[in-house]
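Student: Here's a structure for you.
The values are calculated or read from the model by the stated rules, or taken from the named source; none is laboratory data. Every value quoted in this text rests on a predicted model; they were computed, and no experiment measured them. Reconstructed Cβ throughout: ideal geometry from the backbone, glycine too, with neighbour counts over all protein chains shown.
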Amino acid sequence: MRATWIIMGAALALGACTEEDMPGPQDGRALYMQHCAACHGADATGNGPMAANLDPAPADLTQIAARNGGTMPRAEVMSMIDGYARGTVPHGMPAFGELLEGDLVPFDSGDGRQTPTPRKLVALLEYLESVQTTK
């Protein structure tokens, strides 16, 4: 019974989120500069000040969609950011526990389902999506 109330409460909280409450690219930019730019560069092209010392080299984050046929693979990118994919691919990304803290917002990874996800993770993904280029 208690689990039912918790689920209902979470659903109501997520349902209360309006479009204005959702994080956007501007919210994720500061997080990117704080957590990612040292390796991936201020312009997200993989040329940060630490890049020369890293093996494998940091990815060019402006080409994520281009490497995926022009579509941003939201679920895969979120898995890399939050750490779920870290055991399956070689990389040197650190854990970002702080990004898992705070309030939750509904996040659709592309499957049509709204999943409660930490606001900071969604903000960072929105920023990465905003810097995609086509080469």
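Student: Considering only residues that are on the phi > 0 side of the Ramachandran plot and in contact (Cβ under 8 Å) with a residue 40 or more places away in the chain, which ones fall in the range 31-65?
Tutor: Passing the criteria: only ALA44.
Student: If VAL122 passes every condition in (1) over 18 Å from ASP21 (Cα atoms); (2) at pLDDT 95 or above but one, which one does it miss?
Tutor: (1)
Student: Which of the residues spanning the range 38-50 are surrounded by 15 or more Cβ atoms within 10 Å (Cβ to Cβ) and closer than 15 Å to SER130 by Cβ?
Tutor: Hits for the range 38-50 are HIS40, ALA44, THR45.
Student: Could you list all residues from the range 47-59 that are part of a loop (DSSP other than H, G, I, E, B) and within 16 Å of PRO94 (Cβ to Cβ)?
Tutor: Hits for the range 47-59 are GLY48, PRO49, MET50, LEU54, ASP55, PRO56, ALA57, PRO58, ALA59.
Student: With of a type outside the set (Ser, Thr, Tyr), at pLDDT below 95 and in contact with a Lys or Arg (Cβ under 6 Å, 6 or more places away or on another chain) as the only criterion, which of GLY110, GLY92, GLY83 stands out?
Tutor: GLY110
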